[in-house]
Amino acid sequence: MPAEWAIDVMKRAPYITVSFTRADGSAYGVPLSMACTTDNTWYFHCAPEGDKLDALRAHHEVCLTAVSKCQPTVGPHDNSFTLQYQSAIAFGHATIVTDEAEKIEALRAICQRYMPYHMQAFDEAIARSLHRTTVVRVDLSTPPTGKRKQYDNHGNEMTHGRMA
């Protein structure tokens, strides 16, 4: 599926799993609440210390994966057990944000995505907790790619590139 489609999946997914490489070379993946300010710039927040930041200090390259519309399904023509889904994968370079204005912009994007009806409390929350919140920016190094398995209303699988 095209990059624009994959970006849309990332924007709609309830969370995005970020995969890191620890200093010892082992993998570490964690689902996070991410938001973007552009299609190529994604953010997450975390505590000022912990596994994510330890891994980032060792390796700045990360992998983002998102899945939405995940639904177990019986294959309409063969009664097979299958799964309809939409997914996206992207690779990027993660950097800890040190500029206060960018941190606030990123946190605003995250809050707007997940709590749009509670934004009147944003400024107070920032004043209370910005000093103890770390923000990480992920700049995508290549356009994301997408994949899906989906059936149309007639039970036919919508193959690569077929949008409707």
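Throughout, read-outs are computed from the coordinates displayed, never taken from laboratory work. The structure presented is a predicted model; accordingly, all values stated were derived computationally and were not measured. In this analysis, Cβ positions are derived from the backbone assuming ideal geometry, glycine residues included, and neighbour counts consider all displayed protein chains.
Points worth noting:
- Percentage relative contact order, the chain, counting C-alpha pairs under 8 Å, at least six apart: 30
- Under the Karplus curve 6.51 cos²θ - 1.76 cosθ + 1.60, θ = phi - 60°, whole-Hz ³J(HN,Hα) for segment 29-43, x wherever Gly or Pro sits: x, 8, x, 10, 8, 10, 9, 10, 9, 9, 4, 9, 10, 10, 9
- Kirkwood-Stokes translational diffusion coefficient of segment 1-83, alpha-carbon pairs, 4 °C, 1.567 mPa s, µm²/s: 87
- Residue order for Tyr43, Tyr15, fewest other beta carbons within 10 angstrom first, comes to Tyr15, Tyr43.
- Likely footprinting exposure, Arg108, Arg148, fewest C-beta neighbours within 10 Å first: Arg108, Arg148
- 19 Å Cα-Cα reach of Lys52 towards aspartates and glutamates, excluding residues that sit fewer than 8 places from it in its own chain: Asp24, Glu61, Asp139
- Mean residue ellipticity (222 nm) of the chain, computed from DSSP H runs ≥ 4 via -39,500 (n - 2.57), nearest 500: -7500 deg cm²/dmol
- Rounded FRET efficiency, nearest 0.05, which uses the C-beta distance separating Ala125 from Thr145 and R0 of 35 Å: 0.50
- Cys63/Glu4 FRET efficiency (R0 22 Å; Cβ-Cβ; nearest 0.05): 0.65
- Kirkwood estimate for segment 95-144, i.e. one over the average of 1/r between Cα atoms, Å: 11.9
- Coarse-grained scattering of the chain at q = 0.11, 0.14 Å⁻¹, given as base-10 log I(q)/I(0) from a Debye sum over alpha-carbon atoms: -0.53, -0.78
- For the chain, the Cβ-based charge dipole about the Cα centre amounts to some 300 debye (Lys, Arg positive; Asp, Glu negative; other atoms uncharged).
- Each residue in Asp8, Asp78 was given a count of other beta-carbon atoms within 10 angstrom of its own, and listing them fewest first yields Asp78, Asp8.
- Modelled spin labels at Asp51 and Met115, positioned 7 Å past Cα toward Cβ, are 2.5 nm from each other.
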